[in-house]
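Enquirer: Following this message is one structure expressed as structure tokens.
The values are calculated or read from the model by the stated rules, or taken from the named source; none is laboratory data. The structure presented is a predicted model; accordingly, all values stated were derived computationally and were not measured. In this analysis, Cβ positions are derived from the backbone assuming ideal geometry, glycine residues included, and neighbour counts consider all displayed protein chains. Ligands, DNA and RNA are stripped out before the accessible areas are found, and what is left, the full protein with its side chains, is counted by its heavy atoms. Shrake-Rupley method; radii C 1.70, N 1.55, O 1.52, S 1.80 Å.
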Amino acid sequence: GQLPTWLQGILLRNGPGMHTIGDTKYNHWFDGLALLHSFTFKNGEVYYRSKYLRSDTYNCNIEANRIVVSEFGTMAYLDPCKNIFAKAFSYLSHTIPEFTDNCLINIMKTGDDFYATSETNFIRKINPQTLETLEKVDYSKYIAVNVATSHPHYDSAGNTLNMGTSIVDKGKTKYILFKIPPSVPEKEKKKSCFKHMEVVCSIPSRSLLHPSYYHSFGITENYIIFIEQPFRLDIVKMATAYIRGVNWASCLAYHKEEKTWFHFVDRKTKKEVSTKFYTDAMVIFHHINAFEQDGHVIFDIIAYTDNSLYDMFYLKNLTKDFEEKNKVASVPTCKRFVVPLQYDKDAEVGSNLVTLPSTATAVKEKDGSIYCQPEILCEGIELPRINYDYNGKKYNYVFATEVQWRPVPTKIVKFNIQTKEMLHWGEDHCWPSEPVFVPSPDAREEDDGVVLTCVVMSDPKEAPFLLVLDAKTFKELGRAKVDVEMHLDLHGMFIPENNLKTETE
């Protein structure tokens, strides 16, 4: 095929790539050692490169030729040859776990720099052109967070906004929104932008010892949206996991009888909206987008009725008949919540406060709290992406993978939220990854541009490839076949050529 001449830059992606070290194996697909790969677009040609992230975790494991650093689903145990004192010390030091820096989930931009990220307090700087691993950054040296999300947001001033959990800091467990500036003041040129990180606000956890798990959050022009779901981490279990011989994932539990709480933080005042908004129990990983309209905040998410998704990716379940065996118990459902932040305070109990045309409701309860029910937009899509120029604004299109009732994506879709129309791309034996939208330089409309996805083949005789689709029509423009075994990755980003530092810089 033919690529648009304006498509110049790097598609950089991240995901688990190595699951066996020596005689040891990870239990879970999400634990594998991070493998970065990139597709560089230059003058109509595509160049491929891949490289393991040389994290401390990678180096320790490779040197020992066994898994020696614990991951979320795999606890690494001591060398049986160690003496009793070393063992006792190890048990103690695992109580407050030294988390892994195996940053395998996503790529984050901060100023002109790029980082591989996961959900611990560590991120690793990388060179997007050579995929070389550079310095390790520990968020907890600058602000009190123990874990952080892999899905930050970027504001118009170039700041990176992210959320992390501060576990039992001064007897309080809280969720922290923090901001990393894109650059440092001229006179402090030698300092890193992390030294200028600031806590924007914090939201106290409803439970001291059971904070909510979350993978992403939402943002509009004036608000941050944080969903506190009843899928929670048990801190005491986590602190004793090593001694009990279980992994940290077993310390997460879903409480289906509980509520899901919505928190809205005003970005200007940094104060939380005082009204209590809630919905039924659900599990969410990915926010799609959010915006404001006539005193309401509207946000779209992919939600599940239980937490079975994580369990499917235990490697013992990833067998040959994986697709047949793992019909998803809970289908990913694209839900739209319409939350009236400004409403008539004298409204009657039991009345629906949503005044926009939508089937979503927000009903006033006796105690003044507001019970929200969503509008269902569609089912069976995951790994949603949008044209990021429309982040926090009213928008029309979601690009996603279609998973039907299975955990493995079989198609790429473009979903029109207004008309509910869906365009598909799919072929036999193809497992596409998260689609990334790249706007064309003279874009006038939201879907002017291309969609990029890496396609892994379930038939080992066929070569994997990078696929380029016209975002408007969803017709194939071209594909670049790669003569290597490509891994199924998780997330990534497109870096336009003008955002890449030249080697001299």
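Enquirer: Could you give the accessible area per residue of segment 9-499, probe 1.4 Å, as a whole number in Å²?
Expert: Result: 44 Å² per residue.
Enquirer: I would also like to ask the following. What aspartates and glutamates sit close enough to Lys268 to cross-link, taking a C-alpha to C-alpha distance under 14 Å and skipping anything fewer than 8 places away on the same chain?
Expert: Within reach: Asp155, Glu221.
Enquirer: Give me a comma-separated list of calculated 3J(HN,Hα) values for segment 460-476, in order, Karplus coefficients 6.51, -1.76, 1.60 applied at θ = phi - 60°, integers in Hz, x for any Gly or Pro.
Expert: x, 7, 9, 7, x, 7, 9, 10, 10, 10, 6, 5, 6, 9, 6, 7, 6
Enquirer: Would you mind getting me the FRET efficiency between Lys256 and Lys187? Use the beta-carbon distance for r and R0 = 56 Å, nearest 0.05.
Expert: After rounding, the FRET efficiency stands at 0.55.
Enquirer: Could you give the dipole magnitude of the chain about its Cα centre, charging the beta-carbon of Lys and Arg +1 and that of Asp and Glu -1, in debye to the nearest 20?
Expert: Taking the Cα centre of the chain as origin, the dipole is about 1280 debye.
Enquirer: With +1 on each Lys and Arg Cβ and -1 on each Asp and Glu Cβ, and nothing else charged, work out how big the dipole of segment 346-483 is about its Cα centre, in Debye to the nearest 20.
Expert: 80 debye
Enquirer: Under the 0.36 nm per residue contour assumption, what length would be gained going from the current alpha-carbon distance of Thr473 and Tyr77 to full extension?
Expert: So the extension gain works out to 137.3 nm.
Enquirer: Please tell me the relative contact order of the chain in percent, rounded to the nearest whole number, where contacts are Cα pairs under 8 Å and at least six residues apart.
Expert: 12 percent
Enquirer: Once label points are set 7 Å from the Cα along Cα→Cβ at both Asn222 and Tyr390, what is their separation, rounded to one decimal in nm?
Expert: 2.3 nm
Enquirer: Also: Around Ala443, what is the net charge, scoring Lys/Arg as +1 and Asp/Glu as -1 over all other residues with Cβ under 12 Å from its Cβ?
Expert: Once positives and negatives cancel, what remains is -4.
Enquirer: Say R0 is 30 Å: what FRET efficiency, to the nearest 0.05, do Asn127 and Val273 get from their beta-carbon distance?
Expert: 0.10
Enquirer: Just to verify a number: FRET efficiency for Asp23 and Asp448, C-beta to C-beta distance, R0 = 56 Å, to 0.05?
Expert: 0.60
Enquirer: Compute the separation of the alpha-carbon centres of segment 475-498 and segment 226-259 and state it in Å as a whole number.
Expert: Rounded to whole Å, the Cα centres lie 35 Å apart.
Enquirer: Another question, then. How much length, in nm to one decimal, is gained on full extension between Val236 and Ser156, taken as 0.36 nm per residue of separation minus their Cα-Cα distance? Mind showing how you got there, number by number?
Expert: On the way: separation 80, 0.36 × 80 = 28.80 nm, distance 4.03 nm.
Residue separation times 0.36 nm, minus the Cα-Cα distance, leaves 24.8 nm.
Enquirer: Just the number, please: carbon plus sulfur as a percent of the accessible area of the chain, 1.4 Å probe, no ligands or DNA/RNA counted.
Expert: 51 percent
Enquirer: Sorted by mean Cβ packing within 10 Å, highest first, what order do the peptides 20-28, 227-235 take? Could the numbers behind the result be given before it?
Expert: Working: 20-28: 15.8, 227-235: 21.3.
Highest to lowest by the protection proxy: 227-235, 20-28.
Enquirer: What net charge is computed for the residues neighbouring Thr260, neighbours being all others with C-beta under 10 Å from the C-beta of Thr260, Lys and Arg scored +1, Asp and Glu -1?
Expert: Counting the neighbours of Thr260, the net charge comes to -2.
Enquirer: What is the extension gain from Glu45 to Arg244, computed as 0.36 nm multiplied by their sequence separation minus the C-alpha to C-alpha distance, in nm to one decimal?
Expert: 66.3 nm is the gain from fully extending Glu45 to Arg244.
Enquirer: If we count every other residue with Cβ under 13 angstrom of His28's Cβ, Lys/Arg +1 and Asp/Glu -1, where does the sum land?
Expert: Its environment carries a net charge of -1.
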